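The values are calculated or read from the model by the stated rules, or taken from the named source; none is laboratory data. A quick note: this is a predicted structure, and the numbers were derived from the prediction, not measured. When we count neighbours, we look across all protein chains shown, and the Cβ atoms used for this are built from the backbone with ideal geometry, even at glycine.
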Amino acid sequence: MKNKISASILNADFSCLKDDVQSVLPLIDEIHCDIMDGHFVDNISFGAPVVEAVHQAFPGAVIDTHLMIDEPEKYRDDFVKAGSDILVFHYEATPHAYITLKRIREAGIQAGISVTPATEISLLEPLAPFLDRILIMTVEPGFGGQQFIPEMLPKIRKARALFGDIDIQVDGGINEKTLLEALKAGANVFVVGSYLFKSDDKSERAVKLRSLLD
Ligand code: DX5
Ligand code: ZN
């Protein structure tokens with residue numbers, strides 16, 4: 001599996017988002033857009049117009065959109081149209097995961113499901129044929145800058161054993177140390193937010209992470 005860095009813009013400086021993304025872009029694989037609705041999580045972030053603006057600014061970049069919203073089936077098409085290349089929604093947010101995955105793939109992009117720390121990973125087994133990626137939350141979703149939950153490491157190991165060659169993504173509290181722990185456990189896609197964007201030298205941090213993965 002290719003090891004990938006997915007840079008979360010949630011903690012970037014929105015007054016100069018383009019510059020912030022530009023400073024890490026040559027060293028990352030995906031731009032991670034966190035969509036929060038104030039219902040599924042206790043925070044509101046941004047919507048499809050921002051995803052579209054990022055896509056327009058960097059048309060060649062892979063956009064990885066993480067929906068932390070209720071009723072993702074209702075909004076998925078907006079995020080497909082905005083230019084997402086990968087669309088991930090939460091298992092806990094809908095009883096219609098199968099049809100939502102199917103529709104996302106029919107739109108010609110990759111589909112994935114995310115699980116909060118409390119959700120048992122084997123619940124995704126019936127959906128395995130329809131998944132391009134699994135996102136394991138390593139913090140409670142809703143905010144950047146939280147501490148990695150080490151108890152999620154066995155869940156990553158279990159996901160790799162159950163699902164084989166699929167992208168297994170981790171999100172929350174990823175830094176140099178936790179990236180290595182998650183990598184050893186079997187993850188291959190690493191969402192990194194504040195470790196990159198809250199730093200004075202964003203590209204130096206991206207170089208560091210890259211060197212751990214390549
Ligand atoms: C949290 C979001 C994350 C967040 C990660 O709910 O899904 O993508 O931006 O930020 P850090 O890396 O700061 O934990
Ligand atoms: Zn995320």
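The figures follow:
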{"quantity": "Of residues in the stretch 1-24 being surrounded by fewer than 16 Cβ atoms within 10 Å (Cβ to Cβ), modelled with pLDDT of 95 or more and not acidic (Asp, Glu), the one nearest to Gly112 (Cα to Cα)", "calculated": "Lys2"}
{"quantity": "Matching residues in the stretch 36-54 - criterion: being away from ligand 2 (no atom under 12 Å from the Cβ) and surrounded by fewer than 19 Cβ atoms within 10 Å (Cβ to Cβ)", "calculated": "Asp37, Gly38, His39, Asp42, Ile44, Phe46, Gly47, Pro49, Val50, Glu52, Ala53"}
{"quantity": "Ala53 vs. criteria modelled with pLDDT of 95 or more and away from ligand 1 (no atom under 16 Å from the Cβ)", "calculated": "yes"}
{"quantity": "Of the criteria (1) within 15 Å of ligand 1 (Cβ to nearest atom); (2) loosely packed, with under 15 Cβ neighbours inside 10 Å; (3) not hydrophobic (A, V, I, L, M, F, W, C), which one Asp64 fails", "calculated": "(2)"}
{"quantity": "So Ala128, is it of a type in the set (A, V, I, L, M), over 15 Å from the mean Cα position of the chain (by Cα) and buried (at least 22 other Cβ atoms within 10 Å of the Cβ)", "calculated": "no"}
{"quantity": "Filtered residue count, the stretch 121-165, keeping only those that are more than 8 Å from ligand 1 (Cβ to nearest atom) and in contact (Cβ under 8 Å) with a residue 60 or more places away in the chain", "calculated": "2"}
{"quantity": "Leading residue by the ranking (nearest to Ile44 (Cα to Cα)) among those in the stretch 131-161 that are among the small types (Gly, Ala, Ser) and more than 15 Å from the chain's Cα centre (by Cα)", "calculated": "Ala159"}
{"quantity": "Selection status of Gln146, part of a loop (DSSP other than H, G, I, E, B), within 15 Å of ligand 2 (Cβ to nearest atom), closer than 22 Å to Asp37 by Cβ and polar (S, T, N, Q)", "calculated": "yes"}
